[in-house]
Each structure stands twice: as structure tokens, then as C-alpha cells.
1. For each of 229, 126, 192, 91, count neighbouring Cβ atoms within 10 Å of the residue's Cβ, then give the residues from fewest to most.
2. If I model a spin label at residue 154 and residue 168 as a point 7 Å from the Cα along the Cα→Cβ vector, what separation in nanometres do I get?
3. Can you sort 160, 46 so the residue with the fewest Cβ neighbours within 10 Å comes first?
4. With springs connecting C-alpha atoms under 10 Å apart, model the chain as a Gaussian network and identify which of 159, 125, 97 has the largest mean-square fluctuation.
5. Please report, to one decimal in angstroms, the Kirkwood hydrodynamic radius of the chain built from all distinct Cα-Cα pairs.
6. Using the per-residue mean of other Cβ atoms lying within 10 Å as a proxy for protection, in what order, highest first, do the peptides 161-174, 5-18 fall?
7. Give, to the nearest whole percent, the P(r) tail of the stretch 1-90 beyond 19 angstrom, counting all Cα pairs.
8. Would you calculate, for the chain, the mean residue ellipticity at 222 nm contributed by helices, counting each DSSP H stretch of 4 or more residues as -39,500 (n - 2.57) and dividing by all residues, to the nearest 500?
């Protein structure tokens, strides 16, 4: 960590996204230069294609860019957490690496933060017009309904990759694989407020999705039970110095 933290870090976990790297980095820069001081932290989850080479080629035009690389494939939640740990920003914005999230929405999230109470620590993107296949939209709709009923997190869309949160609050959350899908519930469990913000959603740039509906459903059942248990067993106590 630096002695002079930045206001914002943009963390982007990627796996085999060679064709999407350059367009997304340039969009992030266009959205944020002149708005706030920032850095971009790409976390490569041991890609097998030219993702890292494509990132390294961008460094000359993007001095804000930093690259962190996993030595073994570890999944999106681990990549996100390691990116946040490496980040120098007091606040962190996350984006999926496939180009479906629009970096132009980050200033919107920052503006929402600036006019919100200090106890709101997470601003979660809400894809009101999803640009996915019909099967993916229906699977997400069902999963969100079940999650909302079990966790009562009052969040219409936890799967959206674009989020803005306080770094310190995030690193205080319990870590487990796939935790990135439950950030609103975990933040609320820690005693913080969360807000959902409508954002743009776009078709994937290039490449293919790394997930399928069956895998998400099977993992989600176990995760929901675990998060529900964490919420039931939690106790938030504010402290003050005597």
C-alpha cells in the first residue's frame, strides 16, 4: 500500500479475454480521466491466450494500468479479492472483463456515492436491459428471486459485474469462492447499507462466457445455504473509544 492512497481503483478480473482487453482499457480511461485520479488493476486468472501480452502492450498509452497475474487458475472471486488487495484506491470499482459492463457508468456510481449517507458502502449495478441469451436471462431471474427470498438483501441483480465499494469494508468481509455474487448480503451483514443503481449492459465483445447455467445453479445452492448461515450467526457491534 502507498502512503498516499488514490481515490479510486478499477479492478478487472480476466481469463482468456485477449480480444476485449484493449477496447475496455481505453473505455475506462475515456470515462475517468479528468473525473478523478485512478488506477486500473487487471487480474489475469492464468489465461491461456494472449491476454497478458495484450495488457503489457497497453502500458505505454495507459500509465494507470497495473497487471497482477495468478500462477494458477483460481476463479473470479479470488481474482477480484486479490485485485482489491493490490489496489491503492480507498474506493474500488469492479468490471467484468468481457466488455458487457459500460465504464461510462462508473462516474454515475461515484456521483451516487457522493450524495449518499456515509454508511452506504456498496453501489451495485442493476442491469435493467440485459443483453444476454434468453436462457441466461431466465436463469438469472430465477436465481435472483430465490436469493432475494432467502437472504432478504433487497437487491434485484447481484450478478452484475459493475460495482463500487469501499476497499476497507470489502476486505473486512468473509472470503469464500463465489463471494462476488453475494456482496450486497455480505455488506448488509457487516452493518452497512447498499444501493442498486440502474446501469447499461452490452453484448459480449469477443470470446465466450466462462460459465453455464447448470454450473451456476449447482454452486449457488451450496453458497446460498452458507451465506444464509453466516447471516443468522452474525452480530454487529459498534465500538467507541472510552
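Values in this text are rule-based calculations from the coordinates and carry no lab data. Since this is a predicted model, take the numbers as computed values, not measurements. Reconstructed Cβ throughout: ideal geometry from the backbone, glycine too, with neighbour counts over all protein chains shown.
1. Going from sparsest to densest Cβ surroundings: 229, 126, 192, 91.
2. So the two model labels end up 2.4 nm from each other.
3. The order, fewest Cβ neighbours first, is 46, 160.
4. Between 159, 125, 97, it is 159 that shows the largest mean-square fluctuation.
5. 18.4 Å
6. 5-18, 161-174
7. 36 percent
8. -12000 deg cm²/dmol
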